[in-house]
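The values are calculated or read from the model by the stated rules, or taken from the named source; none is laboratory data. Not measured: the values here are computed from a predicted model. Neighbour counts are summed over all protein chains in view; Cβ atoms, including those assigned to glycine, are modelled from backbone coordinates with ideal geometry.
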Amino acid sequence: MNATAKASMGLKRRASDDRYWSRLGPVGWLFEVLKYALLLVLAVSYMLPFYWMFTSALKDDPQVFTVPPRWIPSPAHWNHFYDAWVSQDFNLYFVNTVVKYAVPVTIGAVVSCAIVAYGFARPRWPGRNLLFALCLATMMVPGQVTMVPLFITFRKLGWVGTYLPLIVPAFFGDAYFIFLLRQFFRTIPAELSDAARIDGASEWVILSRIILPLAKPALTVVALFRFMNAWNDYFGPLIYVNKKAQWPMALAIENMRGRLYEVGTKPLHYPYLMAVSAMAALPILIAFFFAQRTFIEGITLTGIKG
Amino acid sequence: MAFTLSRPRSAPLTRTDRREMTVGLILVSPWLLGFILWTVYPLAASIYYSLTRYDLLTPPVFIGLGNYREVFTSVDVALVAKNTLWWVALSAPLGVVSAFLMASLLNTRIMGRSVFRAIFFFPSIVPAVVTAMVWQFLLNAQYGAINATLSALGLSTIPFLSSPTVVKPTLVLIHMWAQGSAMVIFLATLQDVPKSLYDAAMIDGANAFRRFWHVTVPMCSPVVLFNLVMGFIAGFQYFTMPWLLTQGGPNRATEFYALYLYRNAFLFLRMGKAAALAWLLFIVVVTFTVILFRTSGRWVYYSGEAD
């Protein structure tokens, strides 16, 4: 699009905006005001917990235990973020979460789901749709039903206390991500893969040379969501990762909270707890800030009826 | 969604068919193997374990339907079932309502839509542990932001997490606050509603409310169904928030089915009873989903459907 076209579009939009505002009667204006008031009130209340978390992290105990609450910490103890982090072995818990859990499951999910989703999306074979329906139906099975026998199996294998019970299944595909990728693969023109097939390319070559390079946005969504699920996961580690040296961030934070209620605790537990919580939410905030589009498009891809 | 086999079942498979099927099956084999290992086997094993007494330390002892008898006569199970049904019945519809209203608000002509969308979306992707820690402190009876403000104003405080009657609505509010993904799905759907429908309704003299009720709502009903089903399935398994916020208290008001199941399996080491509880949950979830889909024909409108 050239500069003049852009400029004229801008002008056109502004003109229609002007018309919109000038056409508003008194009732229309009242609605506009109410709408923005409602939006602002909602936005403030949605953000309130995060504001409270962040500011509480900067407070000292006298500022925490005060009525009325202090909305702006003064003095603000910025060192709490560092102090809280080193008050427990959060370096270790961070490495555990990322290296031992999030990265392996992300690799497993992307690789396995891409292959399976392609098998369900492109080649035509008898029974494909039936199996795909079965795959979708597994989303209905509550985790609690498979939890008990799987725990017993993993315990026999000696995997309890490690991340293996959470990592290994990730390499076998996941219905939700398979569905997401399949939806995306089907938007890639069939002519591309058909042409390659006529040239004698195997399905594997078609997948790795044609489909996957075109599907980078969708693969990013899977990687992002799966990494985030692992980073946010509490229930999986709660069941399987019961050794302190193996804990992920989630379990370490919960443990820190548990000691808030011990008799004769050290001061500063609330600020420290809030500081660590803020730091656990920070990677999510950063990821969201840079990849808002990816988040939104990824969710949209699964939500529209398939 | 209609699933049809790609050829009549009676026709024999040709050689190309067989070759294509091999390729297809190889491609989906990771999922197929995983399906057997992580779904079919555990489902079957669960039935077996549900008929035994098993504490992980000594070998399982077959006790027939003993676990089921215990579950059906237990007052504890009656309590958690009641709590869970209350939760599901409120959280799933109210979650959908919250997401839908937020999306509708964002879909009007507003400045800074992407900023508001980001703000409403963000709570749903923050780690549950963080959310729980923050809400617990924010709702603290004495020094939490809300109650400290109320008592400074001389008003009576709200026992958000410490009163058995208030705690469930509190959890519903937290749930409605974290509806980002559903909201995004609704927003995308709303933006897909053809403008011509609104124009036609306007010409027919429909006011804003009628346009919303007769155009927007029917056009979004398939997505309402989708989110409702997801909400129900998740609601029956609701664990992390009550576990972290209240541990099932006060006075067991938030002792939901999944918490009870977890306690039986991993704290009391009653694997057999836990397996029985899990199977009952499975049956309930499947029944619920099927009923929802079956009855949905009456209120869900599919615009793309020709037949």
The helices (runs of 4 or more DSSP H) lying wholly within the stretch B:200-307 that contain at least 3 residues that are out of contact with any strand residue (DSSP E or B) (no Cβ under 8 Å at 6 or more places or on another chain), at pLDDT 90 or above and among the aliphatic types (A, V, I, L, M) are B:217-236, B:240-245, B:257-262, B:271-296
With criteria (1) within 13 Å of chain B (Cβ to nearest Cβ); (2) in contact with a helix residue (DSSP H, G or I) (Cβ under 8 Å, 6 or more places away or on another chain); (3) touching a residue at least 40 places away in the same chain (Cβ under 8 Å), A:Arg257 comes up short on (3)
Turns out the helices (runs of 4 or more DSSP H) fully within the stretch B:84-193 with at least 2 residues that are aromatic (Phe, Trp, Tyr) and within 7 Å of another protein chain (Cβ to nearest Cβ) are B:113-121, B:128-138
In the stretch B:242-268, anything farther than 25 Å from B:Val134 by Cβ and either crowded, with 20+ Cβ neighbours inside 10 Å or within 11 Å of another protein chain (Cβ to nearest Cβ) (or both) is listed as B:Tyr257, B:Tyr260, B:Leu261, B:Asn264, B:Ala265, B:Phe266
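A quick yes/no check of all residues on (1) more than 7 Å from chain B (Cβ to nearest Cβ); (2) touching a helix residue (DSSP H, G or I) at 6+ places or on another chain (Cβ under 6 Å); (3) under 30 Å from A:Ile206 (Cα atoms):
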site: A:Asn91; (1), (2), (3): yes, no, no
site: A:Val99; (1), (2), (3): yes, no, no
site: A:Val103; (1), (2), (3): yes, no, yes
site: A:Gly108; (1), (2), (3): yes, yes, yes
site: A:Phe120; (1), (2), (3): no, yes, yes
site: A:Leu131; (1), (2), (3): no, no, yes
site: A:Gly143; (1), (2), (3): no, no, no
site: A:Val148; (1), (2), (3): no, yes, no
site: A:Val168; (1), (2), (3): yes, no, yes
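May I ask you to verify whether A:Phe185 is out of contact with any His (no Cβ under 7 Å at 6 or more places or on another chain), more than 11 Å from chain B (Cβ to nearest Cβ) and under 30 Å from B:Thr16 (Cβ atoms)? Break it down into steps so the answer makes sense when it comes.
On the way: out of contact with any His (no Cβ under 7 Å at 6 or more places or on another chain): yes; more than 11 Å from chain B (Cβ to nearest Cβ): yes; under 30 Å from B:Thr16 (Cβ atoms): yes.
Considered against the rule, which asks whether it is out of contact with any His (no Cβ under 7 Å at 6 or more places or on another chain), more than 11 Å from chain B (Cβ to nearest Cβ) and under 30 Å from B:Thr16 (Cβ atoms), A:Phe185 comes out as yes.
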Going by what's in this entry, would A:Phe225 be described as of a type in the set (A, V, I, L, M, F, W, C), in a helix (DSSP H, G or I), farther than 22 Å from B:Thr240 by Cα and within 22 Å of the chain's Cα centre (by Cα)?
no
Exception for B:Gly297 within (1) touching a Pro at 6+ places or on another chain (Cβ under 7 Å); (2) more than 9 Å from every other protein chain (Cβ to nearest Cβ); (3) more than 30 Å from B:Val126 (Cβ to Cβ) falls at (1)
Are any of the residues in the stretch B:222-241 more than 12 Å from chain A (Cβ to nearest Cβ), touching a helix residue (DSSP H, G or I) at 6+ places or on another chain (Cβ under 6 Å) and under 23 Å from A:Pro237 (Cα atoms)? no
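Can you pull out every residue in the stretch A:180-199 that is loosely packed, with under 13 Cβ neighbours inside 10 Å and among the charged types (D, E, K, R)? If you could, list the steps in order and put the result at the bottom.
Taking the stretch A:180-199 first, the residues loosely packed, with under 13 Cβ neighbours inside 10 Å are A:187, A:189-191, A:194, A:198-199.
Residues satisfying the conditions are A:Glu191, A:Asp194, A:Asp199.
Determine, yes or no, whether A:Leu260 is at negative phi, of a type in the set (A, V, I, L, M, F, W, C) and either at pLDDT 90 or above or touching a Lys or Arg at 6+ places or on another chain (Cβ under 6 Å) (or both). If you could, list the steps in order and put the result at the bottom.
Numbers: at negative phi: yes; of a type in the set (A, V, I, L, M, F, W, C): yes; either at pLDDT 90 or above or touching a Lys or Arg at 6+ places or on another chain (Cβ under 6 Å) (or both): no.
It is false that A:Leu260 is at negative phi, of a type in the set (A, V, I, L, M, F, W, C) and either at pLDDT 90 or above or touching a Lys or Arg at 6+ places or on another chain (Cβ under 6 Å) (or both).
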If you go through A:Ala102, A:Ala76, A:Ala84, the only one that is surrounded by fewer than 21 Cβ atoms within 10 Å (Cβ to Cβ) and of a type in the set (Gly, Ala, Ser) is A:Ala76
The number of residues in the stretch B:194-221 that are within 14 Å of chain A (Cβ to nearest Cβ) and either aromatic (Phe, Trp, Tyr) or in contact with a Ser or Thr (Cβ under 7 Å, 6 or more places away or on another chain) (or both) is 4
Restricting the stretch A:279-292 to residues that are touching a Phe, Trp or Tyr at 6+ places or on another chain (Cβ under 7 Å) and more than 8 Å from chain B (Cβ to nearest Cβ), the one farthest from B:Tyr143 (Cα to Cα) turns out to be A:Pro283
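Suppose we filter A:Leu58, A:Leu39 for residues that are more than 22 Å from B:Arg113 (Cα to Cα) and surrounded by 17 or more Cβ atoms within 10 Å (Cβ to Cβ); which single one remains?
On the way: A:Leu39 fails: more than 22 Å from B:Arg113 (Cα to Cα).
Exactly one of A:Leu58, A:Leu39 is more than 22 Å from B:Arg113 (Cα to Cα) and surrounded by 17 or more Cβ atoms within 10 Å (Cβ to Cβ), namely A:Leu58.
Can you give me the number of residues within the stretch B:4-25 that are under 38 Å from the mean Cα position of the chain (by Cα), at pLDDT below 80 and at the interface with chain A (Cβ under 7 Å from one of its Cβ atoms)?
Residues meeting the conditions: 4.
Within the stretch A:204-217, can one find any residue that is in a helix (DSSP H, G or I), among the β-branched types (Val, Ile, Thr) and under 30 Å from A:Phe90 (Cβ atoms)?
Kept after step one, since they are in a helix (DSSP H, G or I), are these residues of the stretch A:204-217: A:204-214, A:216-217.
Among the residues that remain, those that are also among the β-branched types (Val, Ile, Thr) are: A:205-206, A:210-211.
Still in the list and also under 30 Å from A:Phe90 (Cβ atoms): none.
No - not one qualifying residue is present in the stretch A:204-217.
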Somewhere in the stretch A:213-222, is a residue in contact with a helix residue (DSSP H, G or I) (Cβ under 7 Å, 6 or more places away or on another chain), crowded, with 19+ Cβ neighbours inside 10 Å and either of a type in the set (Ser, Thr, Tyr) or within 12 Å of chain B (Cβ to nearest Cβ) (or both)? no
Result of the Cβ filter at 6 Å on the stretch A:42-64, keeping first residues that are over 11 Å from A:Ser74 (Cα atoms) and partners that are part of a helix (DSSP H, G or I) and among the polar types (S, T, N, Q), at least 6 apart or interchain, is A:Met53/A:Ser277
inquiry  = If I filter the stretch B:66-82 for residues that are away from chain A (no Cβ under 14 Å), part of a helix (DSSP H, G or I) and under 15 Å from the mean Cα position of the chain (by Cα), do I get at least one hit?
reply    = no
Only one of A:Leu34, A:Leu30, A:Leu11 is modelled with pLDDT under 95, under 30 Å from B:Gly144 (Cα atoms) and either assigned to a helix (DSSP H, G or I) or of a type in the set (S, T, N, Q) (or both), namely A:Leu34
